[in-house]
Structure formats: structure tokens, C-alpha cells
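What follows is a set of notes on a single structure, which appears directly below.
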Amino acid sequence: MGIRGCPNLMLPAMKKKINMLLLYGTVLLVTAGCSTSSLPPAAGEKLMQIIPAPVSVQAAQGEFILKPSTRIRAAGGSDELLRTAQIFAEDLMPASGMLLKVRAGAPGNNSINLSEDPALGIEEYVLEITPRRIDIKGGSAAGVFYGLQSLRQLILPDEAGTFQSAYSIPAGTVCDHPAFAYRGNHFDIARHFFFPEEVMKFIDMMVLHKQNTLHWHLSDDQGWRVEIESRPLLTEVGSQRSGTLVVEEDTRRWVGYDDVPYGGFYTKGQIRDVVSYAAERFVTVIPEIDVPGHNLAALAAYPELGCTSGPYEVCKLWGVFEDVLCAGNDESFRMLEDVLTELLELFPSEYIHMGGDECPKTRWEACPKCQARIKEEGLADEYGLQSYFMQRIEKWLTEHGRKMIGWDEILEGGLSETATVMSWRGMSGAKAAAAAGNSSILTPNSHCYFDYYQSPDRSTEPYSIGGNITVEKVYGLDPYEGIPEEHRKYIRGVQSNLWTEYIKTIEHVQYMMLPRLAALAETAWSYGQKDYQRFRAGMENMRKVYDANGFVYAEHMFLEPGI
Ligand code: TNX
């Protein structure tokens, strides 16, 4: 296959070297306008703008003209590939004004030909554009889907946003595969609720960036948001709060409550719809039920599960609260097992997130049942009790064929051998997990908290929880920083977190996510190819993709160099 061949056909050690040569070769060709080539410089440049950056890009002679008569052909006619083709055809409409027809069967000219090639990695693809046809081969339908996402970025309306009667796509070959297997985005729909259609829009934004995991934060102090038939009060009581705190924007101070009832939850049917919408786009949904802290909504529904007799109220303000699930009461575990039994039917994911963060120990210190448990189990203290709590749930999950993820607090008081740690308080959680031989996912609040401001100048932004994480800061995340070479295999990937205390609409969600999501995706997908200057140049094209698809985004990086 020579130098234009697919990277996976080469030995792994050779692979990187050759890919880099290709990449730099292309850069030289493009920027120096290589005299041996008659290529217009713009051809290679356009392919170089794909975000996240592909592993290798090679420009070629000519262009493919996409027109309404162009067909999308799925070879082999598998249902999955046909569906993938149809999703692409529909996704292309808002940017092109064309709804291309999808056909099963053999490849042809004037076509985008899709096929699976078992010689490629599962998420790998090769996109080849020639004047006669476009071919996308993927290691699976997922790989094909990612190739289509790259192609999507090459088909855009003109400068004025007007649809064209035909689109010119520069010829060339893109060979590509992700750096990390886990490419996640967390979405908190507990503090503010988002309808299923809005969660689907969130997924649309993810797939454009080749992200593959939605971490769905389904419960917190301020609301329980998933229907559980065996425990109906969780939603009847726990999904509603009687008001929400009000912050005066000028002084940025808390001035009281609005007394406006606020609530919402998903029926099982709605959960299934979102999970299958995601699966069709190769996104796994990992549900989170956060325990033992952050549980006032569940306690309001079932006060007997707290250490005091309550009463408890679904929380109206944000923060960390002392009332948590009682760890000495077996009923707490029975309730969680009931919840998880129903949840596992809804979510086929290998992993289930059980929270474990921010659990104050004050109630447990004064609770006779918790103290009795510490004694019976020979635990050192309340941190040992938290570890007991999490490991007991993990054992249940393991017996039911699933694996547990927890926030990095699960390291305190003793970590099980199998749990995956989500490192949010910096990188230290990942380091400690790796040293213990546990997997981890990086989501440090220094780089990955998309609820923080995105410019140092807060006056230009909607009110937010605090902090400041610019696009460039997100871009700078190095998941391997401080991780010894031999432990790197434990880093499964990276994730952004979107906590929604101050985010109420999907437009605001998009504004907080974009363009920071693009910067995160360059670490998740293109770790070995990162170059901020090239990324910035590529974002000029990506912003047109956002515009064409109606996504709201923050403009700082386009207006102010260095942000
Ligand atoms: C910390 S990150 C939390 C959330 C808040 C968030 C606000 C984590 C595990 N817990 O409960 O919403 O900070 O940025």
C-alpha cells in the first residue's frame, strides 16, 4: 500500500513515524506551495483544517464535485451501515441544503461509497477523495461514521451562508484513528433539567467532534430525574423542588429563592429513546446515580434512608450538604439495588457511574447505625465506611456483569482492585489510581470544567459558577503529565464536565461547550498531532460548521489572539 496505505497495515513502531512524515510532508507541501506539484494550496489546507486533527492527511490532484445527484452507497447493505449513511445524509442537510439519496450495494462514481474493512481498527477510517468518487472505509460502522464526520467539515455554504448548487471537495486521503478509547462529555441534568430532544442535541454536538461517551448525571441534591417503578417516590417527590436560589447578577450575590416550583424527570421510554439515539451515533451512555452524598432528593422521597429522621427537602440551593445516605442501614443498599436493577435494563453500558464525591462525614460520626457498621466491619473510620459503601455497590454491579466508575474520592479509605477512577481534583487521582493498577479517566477541574468562565473578563459572559478555563487552557491538557511510562496504559481517556447550576437552556449549554469541546477533542482523538496554531487555523472552518448547524458558541478565541 506504500505511503498512502492505511497506518494499521504497518508495524506499530513504524506507524507513528510514517504518519508524522506524512503530516509534515503535507504541511510543507501546502505552506511552501511545493513547486513539483500543480496543486492549488487551498486543497491541502482544507483537509488540514479537519478537527480533531487526523493522524495523516495527503492532498491530491483535483476535486470531487458533490451535487444533488450524488449518492451515498453502503456496500454490503448492512442495516447499521445504511442507518449510518442515512444519519449522515440528514446531518448534511442544514449545511448543504441537499438531502442525498442513500442506496445499498456496490460502490460507484458520483458517489460517497461506504464500506467496512476488518483490516482497520474498530474506530479507524480511511477517507479517499478523488475527482470521480469518495470512498470511506471503516474498521466498523463506527469508523465509517467518523470518516463521515470529517467529510462533513468539507461541505459548507458560501461565506454569506447561502447554499450552493454544487460543492467542491478537495481530493486527498485521510487516514485516521483515535488516540484514546474513552472520549467523554458529562452532562448534569439534575441541577437543571433538559428534555430528551435537548440531550439529543448535546449528542449531536459530541459526534461532530468524534466523542463517544455521554456521562449522564441523573441524580443530585436538587432533583432525581429517572423513573424507577419499584421506588415511585423518587420521581413523585424527588424530581420536584419548590424553588431555586436567586443570584443578583450585578453584585453576584445570593439574594434568596424564586419560589417557583421546578422539576422534571425522564420516563423509561424517554431514556430508551436517548440511549438508542446515542447508540446509532456510536455514543455509549453511562448513567450516574451519585451516592452516598448529593442525595437530598432521594432522602426527601425516602427519609428513613437518612441518619436523622429528617424531614428532608429537595434542595433549592447549590453546594455540598451534610445529610447523606445512611451507610449503617441495609435499607439504603436495598433501595440502590432496586434502582440499579431497573437502571441496568435501560443502559447496556459496560460501566455504571456511582458518584462517591463530596460526602461529608458529620452525620455518620453521630449515627449509631453507622458507628455500629464501622465496628462490625472493623473499619478504621468514616472514610473506611465510605469505602465500604462504594465497594459493596461495586460488588453488586460486578455480580451483575458491570463495572463501576467513581469520582476520585473513591480513593479515600481504600480503593477496590477493579473500580475506574474519574480524576476531577487535578491529576492526582489518576496518578494514585495508576500506581495502584486501576484505570482512570481524566477530567481535572483545572482544564475540563466547562461550567467555568471561558474568558478572564467575566463581564463579557453569562453568570457562571466561577473559575476561568480558556480554549487554550483546555487544549493544554496532557493526560500523561506526571504519569510514568509504565502506568500510561491505565489512562483510558479524557472528559469534560458540564455542571448546570447556572445553565438553564440548551443554547447556554452549547455556548459553554463550544468551542472548548473542539479543544478537548484534539486531546481525546488527536493527542499525538496537537499543535495549537494549526488548531486555531482549523477552527476558522469549524466555526462555519457550527454556524451551518445552528450551534451557539463562544467567540473569544476568534476575536482575541491568545485565548
Ligand atoms: C463539584 S465535580 C462537584 C459538583 C459541582 C461542581 C461545580 C464533582 C464530582 N462534584 O457537584 O456541581 O463542582 O463546578
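The values are calculated or read from the model by the stated rules, or taken from the named source; none is laboratory data. Quantities reported herein were computed from a predicted structural model and do not represent experimental measurements. All Cβ positions, even for glycine, are placed from backbone atoms using ideal geometry, and neighbour counts span all protein chains on display.
Observations, loosely collected:
- Remark: pairs (first residue in the stretch 95-112, in contact (Cβ under 8 Å) with a residue 24 or more places away in the chain; second residue of a type in the set (S, T, N, Q); Cβ separation under 6 Å; 6+ apart in sequence or on different chains) = Leu100/Thr70; Val102/Gln86; Pro107/Asn113; Asn110/Thr70.
- Of the residues making up the stretch 89-100, those that are touching a strand residue (DSSP E or B) at 6+ places or on another chain (Cβ under 7 Å) and either of a type outside the set (A, V, I, L, M, F, W, C) or not in a loop (DSSP other than H, G, I, E, B) (or both) are Ala89, Ser96.
- With a requirement of 3 or more residues that are under 18 Å from Pro479 (Cα atoms) and touching a Lys or Arg at 6+ places or on another chain (Cβ under 8 Å), the helices (runs of 4 or more DSSP H) lying completely within the stretch 505-563 that satisfy it span 516-524.
- Ala297 meets each of the listed conditions (1) surrounded by 23 or more Cβ atoms within 10 Å (Cβ to Cβ); (2) under 30 Å from Ser464 (Cα atoms); (3) free of Cβ contacts under 8 Å to residues at least 60 places away in the same chain apart from (3).
- Considering only residues in the stretch 267-310 that are under 18 Å from Glu80 (Cβ atoms) and in a loop (DSSP other than H, G, I, E, B), the one that is nearest to the ligand (Cβ to nearest atom) turns out to be Val283.
- Meets criteria (among the charged types (D, E, K, R), touching a Leu at 6+ places or on another chain (Cβ under 7 Å) and crowded, with 22+ Cβ neighbours inside 10 Å) for Asp176: no
Results for (1) in contact (Cβ under 8 Å) with a residue 60 or more places away in the chain; (2) in contact with a Ser or Thr (Cβ under 9 Å, 6 or more places away or on another chain); (3) within 23 Å of Leu343 (Cβ to Cβ); (4) within 16 Å of the ligand (Cβ to nearest atom), shown as yes or no for each residue.
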residue: Cys175; (1), (2), (3), (4): yes, yes, no, no
residue: Phe187; (1), (2), (3), (4): yes, yes, yes, yes
residue: Phe202; (1), (2), (3), (4): yes, no, yes, no
residue: Val207; (1), (2), (3), (4): yes, no, no, no
residue: Asn212; (1), (2), (3), (4): yes, yes, yes, no
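- The selection criterion, being surrounded by 15 or more Cβ atoms within 10 Å (Cβ to Cβ), under 32 Å from the mean Cα position of the chain (by Cα) and more than 16 Å from the ligand (Cβ to nearest atom), does not hold for Arg373.
- Pairing residues of the stretch 353-366 that are hydroxyl-bearing (Ser, Thr, Tyr) with residues that are more than 8 Å from the ligand (Cβ to nearest atom) and modelled with pLDDT of 95 or more, at Cβ distances under 7 Å and at least 6 apart in sequence or on separate chains, gives Thr362/Glu322.
- Qualifying residue in the stretch 405-412 (condition: within 24 Å of the chain's Cα centre (by Cα) and more than 18 Å from Asp290 (Cα to Cα)): no
- Contacts under 6 angstrom Cβ, first residue in the stretch 471-483 being closer than 15 Å to Tyr527 by Cα, partner of a type in the set (S, T, N, Q) and in a loop (DSSP other than H, G, I, E, B), 6 or more apart: none
- Looking at Ala436, Ala430, just one residue is crowded, with 23+ Cβ neighbours inside 10 Å and either farther than 19 Å from Thr213 by Cα or within 16 Å of the ligand (Cβ to nearest atom) (or both), and that residue is Ala430.
- Considering residues of the stretch 300-324 that are surrounded by 21 or more Cβ atoms within 10 Å (Cβ to Cβ), in contact (Cβ under 8 Å) with a residue 60 or more places away in the chain and out of contact with any Gly (no Cβ under 7 Å at 6 or more places or on another chain) only, the residue farthest from His400 (Cα to Cα): Cys315
- Residue within the stretch 495-504 that is aliphatic (A, V, I, L, M), closer than 20 Å to Ser440 by Cα, part of a strand (DSSP E or B) and more than 14 Å from the ligand (Cβ to nearest atom) present: no
- For Glu394, the conditions (1) away from the ligand (no atom under 14 Å from the Cβ); (2) surrounded by fewer than 20 Cβ atoms within 10 Å (Cβ to Cβ) are fulfilled apart from (2).
- Subset of the stretch 440-493 (residues that are of a type in the set (S, T, N, Q), within 16 Å of the ligand (Cβ to nearest atom) and touching an Asp or Glu at 6+ places or on another chain (Cβ under 9 Å)): Ser440, Gln454, Ser464
- The residue that is farthest from the ligand (Cβ to nearest atom), among those in the stretch 397-413 that are surrounded by fewer than 16 Cβ atoms within 10 Å (Cβ to Cβ) and not acidic (Asp, Glu), is Gly401.
- Screening Glu377, Glu337, Glu382, Glu365 for residues that are modelled with pLDDT of 95 or more, touching a helix residue (DSSP H, G or I) at 6+ places or on another chain (Cβ under 8 Å), charged (D, E, K, R) and under 22 Å from Ala300 (Cβ atoms) leaves exactly one candidate, Glu337.
- Complete set of residues in the stretch 61-87 that are over 19 Å from Phe145 (Cα atoms), at pLDDT 95 or above and of a type outside the set (Phe, Trp, Tyr): Gly62, Glu63, Ile65, Lys67, Pro68, Ser69
Table: residues versus (1) at pLDDT 95 or above; (2) not basic (Lys, Arg).
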{"position": "Lys403", "(1), (2)": "yes, no"}
{"position": "Ser416", "(1), (2)": "no, yes"}
{"position": "Arg458", "(1), (2)": "no, no"}
{"position": "Tyr463", "(1), (2)": "no, yes"}
{"position": "Asp478", "(1), (2)": "yes, yes"}
